[in-house]
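Asks: Pasting a structure below so you can have a look.
The values are calculated or read from the model by the stated rules, or taken from the named source; none is laboratory data. None of the values given here were measured: they were computed from a predicted structure. Heads up, the Cβs are rebuilt from the backbone with ideal geometry, glycines too, and the neighbour counts pull from every protein chain shown. These area figures cover heavy atoms from the full protein model, side chains too; ligands, DNA and RNA do not enter into them. Shrake-Rupley method; radii C 1.70, N 1.55, O 1.52, S 1.80 Å.
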Amino acid sequence: NPFAGLVSQLRASWLSGKTRPMKYRMAQLEALGRFLDDKKQQILEATASDLGKAPFEAELSEILLCKNELHETLKNLSCWMKDEQVDRTLAMQLDSAFIRKDPYGVVLIIAPWNYPIHLFLVPLIGAIAAGNCVIVKPSEVSKKTERLVAEALPGYLDKDCFAVVTGGVPETTRLLENKFDYIFFTGTSPVGRIVMMAAAKHLTPVTLELGGKNPCYVSDTCNVTNVARRVAWGRFFNAGQTCIAPDYLLCTIEMQEKLLPALRQAIDDFYGHNPRDSPDFGRIVSDKQFQRVQRLLGSGRVAIGGQTDEAERYIAPTVLADVLPSDPIMQEEVFGPILPIVVIANMDEAIDFINSQERPLAVYAFSSDDKIVNQVLERTSSGGFCGNDTLMHVTLTSLPFGGIGNSGLGAHHGKFSFDTFSHRRGCLKRGMGREPLNAPRYPPYRPQHLGLIRATSKVTPSNDCALL
């Protein structure tokens, strides 16, 4: 296996204990901060080349959010690493019981192409903070960013403990044949199943950050202009190539007719009369993705946009009205600048529709009535939820980000990243003396000893007390 030597090298470094001291972890995290500072312009240029990403969007999503994660981790790492003391029974009052946050060992992070810096760097921050050695596999689809990461990142991190591997499907397949102690994958559900099967051969735990069709319910009681602007921003940010973008709208026919002119105005305000000329609207990442997204334009009727240019991989911000659940665009994640609207009769029908689908990475609900937003929250299941806005819930390091069911397994961001890459090791330390206290547990067994053990080992409800 072409990667066996690399994995063995990193495992030897981890077994040496090199990555465990807090000082070492802090130094590597600070080096990531220097990488972001030093390579900021190259990051902006690479993401612009790969995705046509506007500098504003790149700086926000690829740099600022990563720095927030980094600063949150640096600020709290000493606290996160501390042993966690736990309650003890009466029999254990003289002993020490705690949870140790151990690193897993050698971790593999496989990143996607749509946010090619953010989606490898944020989990990498958590893996380093937890004391692991790491192999990073950036996506080969975002070619310029992959090259930048492969060439520049190793110059900032300890080469004995951290490595970047490049390549496509064949290389990733061979990489997954090796035994890792944890695998963190971000990508599609079909590939997530392949990763999970490879991990299962070694009983390796995984986090899977997958996609899905994120529903967005818009009630009849709302500020239509505000809804249109917030939905359009979330749908067309990064040309719609965002795993948590609102994938489709659910609303009544009356609301659809109100939303269409408001969405048209929002798109015009954001990108001008011809979004193709806007410096703030991106492009589809590859010819293959362009052709896939272009085929979805045949669903429903094109109410806004619909223009394409294959040479530029340009698809205009598009809204499709009167889309049917059976239409092709409703059978897969859009992952492009197209917003379908599915007409429903009322909120109950919208919730039933959401619950009839695979559980998504996010559910969105818009209403001026907080009771309606809460109804959608309480009666649906998803990785995350955001009421009266889109995307913004993932900007908080205090909230876990992750999927459920078909949209993923596990979570990260902030302390949740540290927890993801840490094994919570239950520990008990007892003294060598006081052996008479252990006598009741030893054979020959006596009924009175069982009663004594039961009394001293009992966990009692808070409103109860143990009578000895």
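Asks: Filter the stretch 275-331 down to the residues that are open to solvent by less than 20 Å² (accessible area, probe 1.4 Å), in a strand (DSSP E or B) and over 17 Å from Arg264 (Cβ atoms) and list them by number.
Replies: Our first condition is that a residue be open to solvent by less than 20 Å² (accessible area, probe 1.4 Å); within the stretch 275-331, this holds for 275, 278, 281-282, 284-285, 290, 293, 296, 299, 304, 314-321, 323, 329-330.
Checking which are in a strand (DSSP E or B) leaves us with 304, 314-315, 318-321.
Residue satisfying the conditions is Tyr314 alone.
Asks: Now, a different point. Which members of the stretch 421-468 meet the condition of being hydroxyl-bearing (Ser, Thr, Tyr) and either modelled with pLDDT of 90 or more or in contact with a Ser or Thr (Cβ under 7 Å, 6 or more places away or on another chain) (or both)?
Replies: Quick first cut of the stretch 421-468, residues hydroxyl-bearing (Ser, Thr, Tyr) only: 422, 442, 445, 456-457, 460, 462.
Once the filter is applied, which keeps residues that are hydroxyl-bearing (Ser, Thr, Tyr) and either modelled with pLDDT of 90 or more or in contact with a Ser or Thr (Cβ under 7 Å, 6 or more places away or on another chain) (or both), the stretch 421-468 yields Ser422, Tyr442, Tyr445, Thr456, Ser457.
Asks: Collect the residues in the stretch 338-353 that are within 21 Å of Gly234 (Cβ to Cβ) and either among the acidic types (Asp, Glu) or not in a loop (DSSP other than H, G, I, E, B) (or both), keeping them in residue-number order.
Replies: Keep residues of the stretch 338-353 that are within 21 Å of Gly234 (Cβ to Cβ), which gives 338-344, 347, 350-351, 353.
Those that are within 21 Å of Gly234 (Cβ to Cβ) and either among the acidic types (Asp, Glu) or not in a loop (DSSP other than H, G, I, E, B) (or both): Ile338, Leu339, Pro340, Ile341, Val342, Val343, Met347, Ala350, Ile351, Phe353.
Asks: Mind checking whether some residue in the stretch 355-374 is without any contact (Cβ under 8 Å) to a residue 60 or more places away in the chain and among the small types (Gly, Ala, Ser)? Walk me through it before giving the result.
Replies: Of the stretch 355-374, the ones without any contact (Cβ under 8 Å) to a residue 60 or more places away in the chain are 355-356, 370-371, 373-374.
Within this subset, residues satisfying the condition of being among the small types (Gly, Ala, Ser) are 356.
Checked the stretch 355-374: at least one residue is without any contact (Cβ under 8 Å) to a residue 60 or more places away in the chain and among the small types (Gly, Ala, Ser).
Asks: Considering each residue of the stretch 55-108, count those that are free of Cβ contacts under 8 Å to residues at least 12 places away in the same chain and open to solvent by less than 70 Å² (accessible area, probe 1.4 Å), and give that number.
Replies: 1
Asks: Here is a follow-up. Quick check on the stretch 153-170. Is at least one of its residues over 22 Å from the mean Cα position of the chain (by Cα) and on the phi > 0 side of the Ramachandran plot?
Replies: For the stretch 153-170, residues over 22 Å from the mean Cα position of the chain (by Cα) and on the phi > 0 side of the Ramachandran plot: present.
Asks: Six or more apart or on different chains, Cβ under 6 Å: which pairs go from a residue in the stretch 3-16 that's in contact (Cβ under 8 Å) with a residue 24 or more places away in the chain to one that's acidic (Asp, Glu)? Could you list them?
Replies: Ser13/Asp160
Asks: Is it true that Leu263 is in a helix (DSSP H, G or I), out of contact with any His (no Cβ under 7 Å at 6 or more places or on another chain) and surrounded by 22 or more Cβ atoms within 10 Å (Cβ to Cβ)? Outline the logic, then answer.
Replies: Details: in a helix (DSSP H, G or I): yes; out of contact with any His (no Cβ under 7 Å at 6 or more places or on another chain): yes; surrounded by 22 or more Cβ atoms within 10 Å (Cβ to Cβ): yes.
So Leu263 passes the test.
Asks: I would also like to ask the following. Which is of a type in the set (S, T, N, Q) and outside the structural domain of Ala350 (by the TED database), of Thr252, Thr242, Thr204, Thr225? Steps first, please.
Replies: Values: Thr252 fails: outside the structural domain of Ala350 (by the TED database); Thr242 fails: outside the structural domain of Ala350 (by the TED database); Thr225 fails: outside the structural domain of Ala350 (by the TED database).
Only one candidate passes the filter, namely Thr204.
Asks: Might you check whether a residue that is open to solvent by 20 Å² or more (accessible area, probe 1.4 Å) and part of a loop (DSSP other than H, G, I, E, B) occurs anywhere in the stretch 147-156? Walk me through how you get there before you give the answer.
Replies: First, the residues of the stretch 147-156 that are open to solvent by 20 Å² or more (accessible area, probe 1.4 Å): 147-148, 150-151, 154-156.
Narrowing further to those that are part of a loop (DSSP other than H, G, I, E, B): 156.
Within the stretch 147-156, one or more residues are open to solvent by 20 Å² or more (accessible area, probe 1.4 Å) and part of a loop (DSSP other than H, G, I, E, B).
Asks: Can you tell me which of (1) of a type in the set (S, T, N, Q); (2) at negative phi; (3) in contact with a helix residue (DSSP H, G or I) (Cβ under 8 Å, 6 or more places away or on another chain) is the one Ser368 doesn't meet?
Replies: (3)
Asks: Looking at the stretch 358-456, what strands (runs of 3 or more DSSP E) fall wholly within it and have at least 2 residues that are open to solvent by less than 80 Å² (accessible area, probe 1.4 Å) and among the hydrophobic types (A, V, I, L, M, F, W, C)?
Replies: By residue number, 362-366, 384-387.
Asks: Exactly one condition in (1) acidic (Asp, Glu); (2) open to solvent by 60 Å² or more (accessible area, probe 1.4 Å); (3) in the same structural domain as Ser299 (by the TED database); (4) touching a residue at least 60 places away in the same chain (Cβ under 8 Å) is false for Asp220; which is it?
Replies: (4)
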